[in-house]
Amino acid sequence: MRMILVGPPGAGKGTQAGRLIETYKIPHISSGDMLRAAVKEGTELGQEADTFMKAGKLVPDDVVIGMILERVAKPDCENGFMLDGFPRTRPQAQALDEAMVKANVELDAVLLIEVPDQLLEERACGRRTDPETGTIYHLKYNPPPADIVDRLQHRKDDTVEAVSTRVQKYHSETAPIVPFYENKGILKRVDGVGTPDEITKRITAALAT
Ligand code: AMP
């Protein structure tokens with residue numbers, strides 16, 4: 001299964017990806033996670049990406065494309081992968097398409113998780129990640145167990161200002177890639193409003209069609 005998760009910030013892509021990879025046994029490749037790891041390690045790529053990320057802006061295409069194409073060429077992706085947060089622009093979608101044609105493989109599905117803008121700020125700003133397990137919680141909608149609250153991390157770009165920029169970028173840069181996949185007949189739209197369990201059920205049903 002080669003698939004892509006698309007959706008605005010706070011749509012629940014990371015939460016759902018964590019569940020889906022257990023079912024499909026494929027690597028979860030999150031461009032955001034890879035960039036955050038690079039920032040933490042202080043690599044050249046991380047230093048370049050940091051300013052863009054903090055402001056909620058997109059990291060330049062050439063940086064992200066190189067990083068992801070290198071990752072999907074690794075042996076563990078031979079039988080499939082789940083891309084989360086990439087592609088996010090037309091040039092990224094084009095570059096992925098070209099790389100897949102070259103490798104003689106095809107995408108099976110592009111899942112679009114749809115959530116209205118007015119819900120995104122609260123969803124993203126209340127999000128907390130457990131660095132030990134990678135589990136994503138929400139202080140109100142998916143509260144963490146009391147004994148791990150102190151170790152949870154709040155992303156630097158899950159602030160009102162950065163989320164607003166990220167939502168704008170989603171509409172101007174990412175939404176235009178949707179018709180590209182719709183024309184290929186592999187786009188599956190899923191309503192992302194509901195509990196994580198409800199959305200997983202919808203995704204599983206959409207992927208079965
Ligand atoms: P995410 O974890 O997917 O919400 O990504 C967090 C941030 O990383 C984004 O706001 C961007 O600054 C950067 N980023 C992640 N994926 C991409 C991408 N495909 N293209 C450009 N920037 C990205």
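The values are calculated or read from the model by the stated rules, or taken from the named source; none is laboratory data. Owing to the predicted nature of the structure, the values given are computational and were not obtained by experimental measurement. As a convention, Cβ positions derive from the backbone with ideal geometry for all residues, glycine included, and neighbour counts pool all protein chains shown. Surface accessibility is based on the protein's heavy atoms, side chains included, excluding ligands, DNA and RNA. Shrake-Rupley method; radii C 1.70, N 1.55, O 1.52, S 1.80 Å.
Close amide H partners of R2, meaning residues 5 or more places away or on another chain with modelled amide H under 5 Å apart, are F81, D108, A109. Calculated [222 nm] ellipticity per residue, helices only, for the chain: -14500 deg cm²/dmol; basis is -39500 (n - 2.57) per DSSP H run with n ≥ 4, divided by all residues, nearest 500.
For D97 and E198 in the same chain, what is the full-extension length gain: residue separation times 0.36 nm, less their Cα-Cα distance, in nm?
Details: separation 101, 0.36 × 101 = 36.36 nm, distance 3.12 nm.
33.2 nm is the gain from fully extending D97 to E198.
Sequentially through region 186-203, phi angles give Karplus couplings (6.51, -1.76, 1.60; θ = phi - 60°) of 10, 7, 10, 8, 10, 6, x, 9, x, 7, x, 5, 4, 5, 4, 4, 4, 5 Hz, Gly and Pro residues having no value and appearing as x. Simple spin-label estimate for I148 and N79 gives 2.8 nm between the two label positions (7 Å along the Cα-to-Cβ direction from each Cα). Our coupling estimate for region 4-12, obtained by passing each phi through the Karplus curve with A = 6.51, B = -1.76, C = 1.60 and θ = phi - 60°, is 10, 9, 10, x, x, x, x, 6, x Hz, Gly and Pro reported as x.
When the chain is treated as a Gaussian network with alpha carbon springs shorter than 10 Å, the biggest mean-square fluctuation among T174, T129, T43 belongs to T43.
Label reach from E44 (point 7 Å along Cα→C-beta): in region 56-88, amide nitrogens under 19 Å belong to 59-71. In plain terms, the chain is cut at each of the trypsin sites (Lys or Arg not before Pro) found in a DSSP loop with at most 13 other Cβ atoms within 10 Å, and the longest leftover piece is 26-139.
Dipole size in debye (nearest 20) for the chain around its Cα centre, Lys and Arg Cβ +1, Asp and Glu Cβ -1? Mind dumping the intermediate values first?
Numbers: 27 positive and 32 negative charges, 58 e Å.
Its charge dipole is roughly 280 debye.
Candidates A38, L83, L119 compared by Cα position along the dipole of the chain: farthest toward the positive end lies L119, with charges placed on Cβ. Modelled spin labels at Y141 and E114, positioned 7 Å past Cα toward Cβ, are 1.7 nm from each other. Solvent-accessible area per residue in region 73-118 equals 53 Å², computed with a 1.4 angstrom probe and all protein chains kept.
The per residue volume of the convex hull around the alpha-carbon atoms of region 85-209 is 138 Å³.
Between rounded, prolate and oblate, where does region 1-123 land on the alpha carbon gyration tensor, with a ≥ b ≥ c its root eigenvalues, rounded for a/c under 1.5, else prolate if a/b exceeds b/c? Oblate shape, in that a/c is at least 1.5 and b/c is the bigger or equal ratio. Of the accessible area of the chain, computed with a 1.4 Å probe over protein heavy atoms only, carbon and sulfur atoms account for 51 percent.
Equivalent-ellipsoid semi-axes for the chain (Cα gyration tensor, √(5λ), whole Å, largest first): 25, 21, 17.
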